[in-house]
1. Within segment 54-63, can one find any residue that is more than 30 Å from residue 113 (Cα to Cα), polar (S, T, N, Q) and touching a Phe, Trp or Tyr at 6+ places or on another chain (Cβ under 8 Å)?
2. Taking residue 39 as meeting all but one of (1) of a type in the set (Asp, Glu); (2) over 18 Å from residue 133 (Cα atoms); (3) in contact with a helix residue (DSSP H, G or I) (Cβ under 8 Å, 6 or more places away or on another chain), write down the number of the exception.
3. How about segment 89-115: which of its residues are closer than 16 Å to residue 75 by Cα and not in a strand (DSSP E or B)?
4. Within segment 51-73, is there a residue that is in a loop (DSSP other than H, G, I, E, B), among the polar types (S, T, N, Q) and surrounded by 14 or more Cβ atoms within 10 Å (Cβ to Cβ)?
5. Restrict the check to segment 39-51 and report whether at least one residue is closer than 30 Å to residue 15 by Cα and more than 16 Å from the chain's Cα centre (by Cα).
6. Filter segment 95-115 for residues that are over 19 Å from residue 64 (Cβ atoms) and either at pLDDT below 95 or aliphatic (A, V, I, L, M) (or both) and give the result.
7. Only one of 93, 89, 100, 82 is loosely packed, with under 15 Cβ neighbours inside 10 Å and within 24 Å of residue 40 (Cβ to Cβ). Can you tell me which?
Amino acid sequence: MFPLPTQSTQPSLTRIKGIGIDIAPISRIAAMLSRYNQETLSLLFTSNEMDRCQSTSHPNRYYAACFSTKEAVGKALGIGMVDINWNEVEAQVTDTRLTVNLFGEARLQASKRGIEEWLATWCHWDDYVLVYVLAQ
């Protein structure tokens, strides 16, 4: 279940600039992680994401959440990940919170669309991770 927004985080419909949702199979992300070396993975994930994911008891789940966050942000921007480096979208994932940070071209694209804030949440079940982002 998704946590319900509090009064202070409840979005105003007039401020919504984009919505993105993504579902990723954890096993697919785990296979990708085992196939590639750290240098290649650093093209997809920031060093902060890799450190945080590796420090959890379920690293594959957290990597899948980071991956899905990038996909969902691209959808909310309306351009996918075209012209955006994967590591320009950073997910800070905990059991109860998901925060989105943008850098470089991703930040520029968000600024062009008037996006100042990201509300994000995630959940997992069986072999799947779902991420939902709202751009304001």
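The values are calculated or read from the model by the stated rules, or taken from the named source; none is laboratory data. These numbers come from a predicted model, not from an experiment. Backbone-built Cβ (ideal geometry, glycine too); neighbour counts: all protein chains shown.
1. Residues of segment 54-63 that are more than 30 Å from residue 113 (Cα to Cα), as a first pass: 54-61.
Subsequent filtering for residues that are polar (S, T, N, Q) retains 54-57, 60.
Adding the requirement that they be touching a Phe, Trp or Tyr at 6+ places or on another chain (Cβ under 8 Å) leaves 56.
Within segment 54-63 (the criterion being more than 30 Å from residue 113 (Cα to Cα), polar (S, T, N, Q) and touching a Phe, Trp or Tyr at 6+ places or on another chain (Cβ under 8 Å)), the answer is yes, since at least one residue qualifies.
2. That leaves (3) as the condition not met.
3. First, pick out the residues of segment 89-115 that are closer than 16 Å to residue 75 by Cα: 89-91, 100-102, 105-115.
Answer for segment 89-115, where residues must be closer than 16 Å to residue 75 by Cα and not in a strand (DSSP E or B): 105, 106, 107, 108, 109, 110, 111, 112, 113, 114, 115.
4. yes
5. If we filter segment 39-51 for residues that are closer than 30 Å to residue 15 by Cα, which is where we start, we get 44-46, 48-49.
With the extra rule that they be more than 16 Å from the chain's Cα centre (by Cα), the set shrinks to none.
Checked segment 39-51: no residue is closer than 30 Å to residue 15 by Cα and more than 16 Å from the chain's Cα centre (by Cα).
6. Of all residues in segment 95-115, those over 19 Å from residue 64 (Cβ atoms) come to 102-115.
Scanning segment 95-115 gives 102, 106, 108, 110, 115.
7. Values: 93 fails: loosely packed, with under 15 Cβ neighbours inside 10 Å; 89 fails: loosely packed, with under 15 Cβ neighbours inside 10 Å; 100 fails: loosely packed, with under 15 Cβ neighbours inside 10 Å.
On inspection, the qualifying residue turns out to be 82.
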